[in-house]
Amino acid sequence: MQDPPTEDKIPVTDTAISHEISREGLCFSDGRRKVDYVLVFHQRRHGSVRSPTSTSISQDRLSIVSNGNFPTAVDPDAAAAAERGGGIPAGEAGNVGEVFMELGVEGSNEPTEPADHEMRLIRQEFEANLLEAGLEIERDKEFKTHGPSFTRLHAPWPVLCREAEFLKIKVPTKTSYELKEEKGFGSSMSTVWKKLKQPFQPKVPHQEHERNKVLSHCFSRDKLHLYNIVSKDTFFDNATRGRIVYEILRRTVCVRTCQTIGISTLIAKGVYDSAFPLHDGDYKVIGHVEEKSDRQVLHEEWARYSAFYKYQPIDLVRKYFGEKIGLYFAWLGVYTQLLIPASIVGIIVFGYGVATVDTNIPSQEMCDDSLNFTMCPLCDGACDFWRLSTACGTARASHLFDNPATVFFAIFMSLWAVLFLEHWKRRQISLSFSWDLTGIEEDEEHPRPRYETILLQKRQRKQKQKKKKKKKNEAAIEKLTWKDRLPGYCINVSSILFMFGLTFSAVFGVIIYRITVSALMAMSPDPETKSNVRVTVTATAVIINLVVILILDEIYGAVALWLTELEIPKTETNFEERLILKAFLLKFMNAYAPIFYVAFFKGRFAGRPGNYVYVFNDYRMEECAPGGCLIELCIQLSIIMLGKQLIQNNIFEIGIPKLKKLVRTIKDKGSAETEVEDERPPKQWNLDYALAPFEGLTPEYMEMIIQFGFVSLFVASFPLAPLFALLNNVIEIRLDAKKFVTELRRPVAVRAKDIGIWYNILSGMGKFSVIINAFVISFTSDFIPRLVYQYMFSQTGTMHGFIDHTLSYFNVSNFKPGTAPLNSDHGDITVCRYKDYREPPWSPDAYTFSKQYWCVLAARLAFVILFQNLVMFLSLLVAWVIPDVPKTIVEQLKREKKLLVDVFLREEKEKFQLIQSLFSKDASKHQGSHVIPPGQSGPLPGRYSTLPPGATQAGDGGVPRARCRAASFSQFTRKIPPSPRSENENSRHTAV
């Protein structure tokens with residue numbers, strides 16, 4: 001394999017001559033060309049340096065590898081020579097005092113590692129290919145033993161035009177139209193609403209008038225005159241420029257790696273450490289406030305906690321970070337806004353429970369000492385009989401969350417989930433229209449580096465086998481099959497099952513903890529300890545559950561990533577979708593398994609007095625509290641939800657990144673002690689490299705999806721869940737914004753039409769929440785038993801006597817040996833009560849389920865069916881009534897299509913008229929015996945020309961080359977003999 005044709009000697013110039021520190025480090029040393037992308041690799045050895053003129057060498061040097069657009073010399077004569085020839089010949093460099101650096105040449109004084117030498121050659125080939133693609137490169141060559149070295153990339157105007165046309169990037173045209181104004185009552189309401197929202201609007205400069213919509217169209221080099229090109233430097237914003245350069249980096253071939261695709265493979269192989277676009281300068285406002293950059297505006301109006309009450313500047317977020325991140329914050333904003341009505345209704349439901357707790361008959365009966373309900377012991381031997389009135393506090397607290405309003409709230413929240421999804425669909429389509437995403441095609445995706453590596457290994461194995469068998473007509477292996485992925489699939493299934501088992505084991509371990517601690521505390525001689533058994537055990541068990549969930553969350557995230565890698569997905573989209581599904585499945589089970597146990601299993605399999613179910617032959621299965629399991633479910637849900645949000649937000653999202661940054665700072669200071677201090681301030685690429693890399697939106701979405709589950713799945717047990725979710729999200733939006741603006745490197749602006757697989761997960765959870773809430777109300781709360789008693793068994797049609805109705809009788813003489821209370825103070829007790837629907841001991845079918853049990857069970861199942869069908873019907877009705885696409889968007893889309901057709905018809909008409917005028921002029925010149933020499937033409941009016949005034953083309957004899965109005969940049973790809981001037985004006989790039 002031959003090495004790529006690269007220059008052994010790279011001209012090095014002193015950066016002290018740069019223009020005003022290169023406009024704050026955002027441009028090349030000429031101060032004009034923007035740094036659109038940065039590649040970073042680490043220097044691992046000293047460079048070999050020689051100076052032809054034996055002059056002293058400065059400590060910081062700059063190597064400019066340009067493709068003819070910028071002279072690399074300092075001397076005016078040298079600059080002129082560079083302008084004439086596109087660079088300085090190696091033989092003349094010594095005359096202008098240039099310093100040269102040789103990379104990896106023979107005869108170098110310092111030995112190099114073979115791997116470093118190979119990586120250097122790969123970088124040389126890759127950067128040579130980037131030059132061929134039309135990019136311009138500037139490199140740092142710093143004299144240090146180790147540390148980051150930066151390669152800056154700039155995309156000139158012809159390259160931006162070419163790539164924007166390939167990527168079908170929509171850009172604003174000169175045509176705009178006025179949006180229809182509402183009339184009548186709707187207009188006045190809209191005006192009032194705008195005035196009310198005015199204090200909450202961020203102070204963001206509007207790019208266009210509110211009532212005018214600029215028509216956008218896919219960029220085309222043949223229609224430059226249609227676009228509103230004020231300046232070539234600012235026509236494509238920085239995010240778009242970075243995306244264009246990333247597309248070139250992603251598809252650039254590097255043959256030496258034996259793989260096809262560029263930058264992702266090179267980063268995976270360690271050739272480069274990272275690659276990223278630059279932020280727009282510092283986020284702190286310095287100087288005039290009017291000259292704030294987009295990053296500074298975002299920091300002031302979006303990424304501060306003091307701006308929590310303001311709307312998000314979503315359009316500016318999209319402009320700076322791209323559509324994918326813009327959609328995430330728009331979705332988070334819609335979700336947070338819709339939590340406001342849910343929180344208000346939840347507070348009202350909770351307030352209803354507080355207002356009616358003193359008039360609730362069942363809780364009054366539980367608190368009445370005169371009723372004298374003597375309950376059976378809670379444990380064997382050590383526990384004594386107890387009075388139901390001692391559980392008065394639990395009964396009153398249970399009514400706060402278990403009351404008739406809870407059923408209404410469950411139905412409301414099920415419909416709320418549907419409304420949220422419908423509202424988001426409409427919002428998403430509106431954003432897609434305003435962001436010019438309608439009709440875009442999915443970008444072509446390249447294979448992942450790991451996929452290519454496995455595919456290459458497979459090809460090599462097949463080639464070795466075929467060489468041994470001496471077979472001919474070998475066919476190249478195009479892709480991996482299911483057989484190649486079968487080991488990964490097997491490991492995936494077994495690992496996920498193992499993780500499920502681990503989750504259930506953790507839940508079971510906490511159950512054993514509760515059972516054993518309850519038994520031990522019941523044996524304590526201290527009466528205060530005995531009286532606080534249930535509160536102590538419940539609180540400590542939930543805290544243990546929370547700690548286990550947080551630890552397993554981190555483990556499951558890493559395991560999901562490892563398992564997805566084993567599947568060898570071909571593209572990044574496939575990888576992301578599979579990773580999301582695995583991580584969601586594991587984290588869903590981890591977060592909700594303890595809650596599911598309390599809601600549906602606790603107390604169901606405990607047995608009855610005289611026939612309890614035992615664990616390890618010694619410990620009884622635990623039962624629900626006297627007030628029911630719903631209060632325990634509420635405690636479990638609230639502590640896990642609040643603890644997870646507080647700990648993850650404060651420790652994982654704030655503390656750990658700050659700790660990592662501190663460690664990086666300490667490392668950098670330690671390495672800087674061995675090097676000479678640089679007196680100049682760090683450039684923007686140094687500052688951005690010190691930031692944490694962007695690792696995707698999956699953790700952000702996952703946190704919100706799990707919270708959505710807490711809000712929707714078990715909301716019947718905890719009406720205040722939406723309120724706490726709202727308070728968390730108000731902080732979460734600003735926390736994420738601050739992280740993106742100040743703590744993360746700028747991500748590539750990725751186009752996306754929707755939030756992808758997350759919408760399907762949300763929709764599935766919304767439907768699942770209907771089933772879960774139906775079962776919680778039916779089987780966990782006492783709502784159905786109360787209804788059945790009031791309308792079937794109550795003598796007066798009221799709730800009086802309900803507690804006595806739910807308690808069964810047990811004859812204490814039927815205790816198994818060793819299970820009766822050993823030190824009982826109630827020696828005269830012959831019958832105790834326990835909560836269940838069973839026949840009394842004097843019945844012929846003693847201790848079997850009673851008629852009341854089967855009535856209640858039938859009513860519970862009927863309620864589940866009725867609740868599900870009612871909510872599903874209402875959900876479908878809501879989805880049908882609310883159209884997915886707003887009517888105004890439909891009208892504007894039709895109007896834009898009509899306007900585009902008119903624009904292009906007018907364009908064709910003008911071109912036809914122009915051709916006719918050319919033919920008529922040509923005919924008149926022939927009649928006047930004027931012959932136009934070949935290769936020359938008369939100039940046309942300036943309004944049809946896309947070339948700057950005074951620009952000439954080679955071979956035109958100094959006469960401006962005529963260009964029709966619909967001219968394109970195809971001049972850069974035609975094989976025209978190059979002239980020194982044309983070679984200097986327009987960068988080289990790959991022919992299209």
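General remarks:
- The simple Förster model, with R0 at 45 Å and r as the Cβ-Cβ distance, assigns Lys462 and Phe408 a FRET efficiency of 0.10.
- Other-chain or far-sequence residues with amide H under 5 Å of Ala752's (modelled H): Glu323, Lys324
- Annotation: Arg906 carries an accessible surface of approximately 120 Å², with a 1.4 Å probe and no ligand, DNA or RNA atoms counted.
- When the C-alpha to C-alpha distance is required to be over 28 Å, the pairs from Lys232/Lys658; Lys168/Lys319; Lys174/Lys284; Lys292/Lys898; Lys310/Lys897; Lys310/Lys660 that qualify are Lys232/Lys658; Lys174/Lys284; Lys292/Lys898; Lys310/Lys897; Lys310/Lys660.
- Inter-site label distance for Val890 and Ile651 at 7 Å from Cα along Cβ, in nm: 5.2 nm
- Paramagnetic label zone (point 7 Å from Cα along Cα-to-C-beta, Val881; backbone N under 20 Å) in region 395-420: 408-420
- Distance from the C-alpha centroid of region 493-508 to that of region 722-758: 31 Å, rounded to the whole angstrom.
- The heavy atoms of Lys195 offer some 150 square angstrom of accessible surface to a 1.4 angstrom probe.
- Region 506-613 - Rg over Rh from alpha carbon coordinates, Kirkwood radius: 1.18
- Long-range amide H partners of Cys27 with built H, under 5 Å: Val35
- Converting phi to 3J(HN,Hα) with the Karplus coefficients 6.51, -1.76 and 1.60 and the offset θ = phi - 60°, region 132-138 yields 5, 6, x, 6, 10, 10, 9 Hz in sequence order, with x at every glycine or proline.
- Reach of Lys466 by Cα under 24 Å, taken over lysines that are not fewer than 8 positions away in the same chain: Lys458, Lys479, Lys483
- The 3J(HN,Hα) values that the Karplus relation (6.51, -1.76, 1.60; θ = phi - 60°) gives for region 574-586 are, in residue order, 4, 4, 5, 5, 5, 5, 4, 4, 5, 4, 5, 4, 5 Hz. Gly and Pro appear as x.
- Contour minus Cα-Cα distance for Leu822 and Val354 (0.36 nm per residue): 164.4 nm
- Modelled label positions at Leu918 and Tyr309, each set 7 Å beyond Cα in the direction of Cβ, lie 6.4 nm from each other.
- Between Ser149 and Phe41, His42, Gln43, the built amide H atoms are under 5 Å apart, and every one of these is 5 or more places off in sequence or on another chain.
- At an R0 of 35 angstrom, the distance between the Cβ atoms of Val663 and Thr536 translates into a FRET efficiency of 0.30.
- Cα-projected label distance for Leu874 with Asp368, points at 7 Å along beta-carbon direction, nm: 3.5 nm
- With a Förster radius of 51 Å applied to the C-beta separation of Ser231 and Thr516, the computed FRET efficiency comes to 0.10.
The values are calculated or read from the model by the stated rules, or taken from the named source; none is laboratory data. Please read these numbers as outputs of a predicted model, since none were measured by experiment. Reconstructed Cβ throughout: ideal geometry from the backbone, glycine too, with neighbour counts over all protein chains shown. Calculation scope for accessible area: heavy atoms of the full protein, side chains included, ligands and nucleic acids excluded. Shrake-Rupley method; radii C 1.70, N 1.55, O 1.52, S 1.80 Å.
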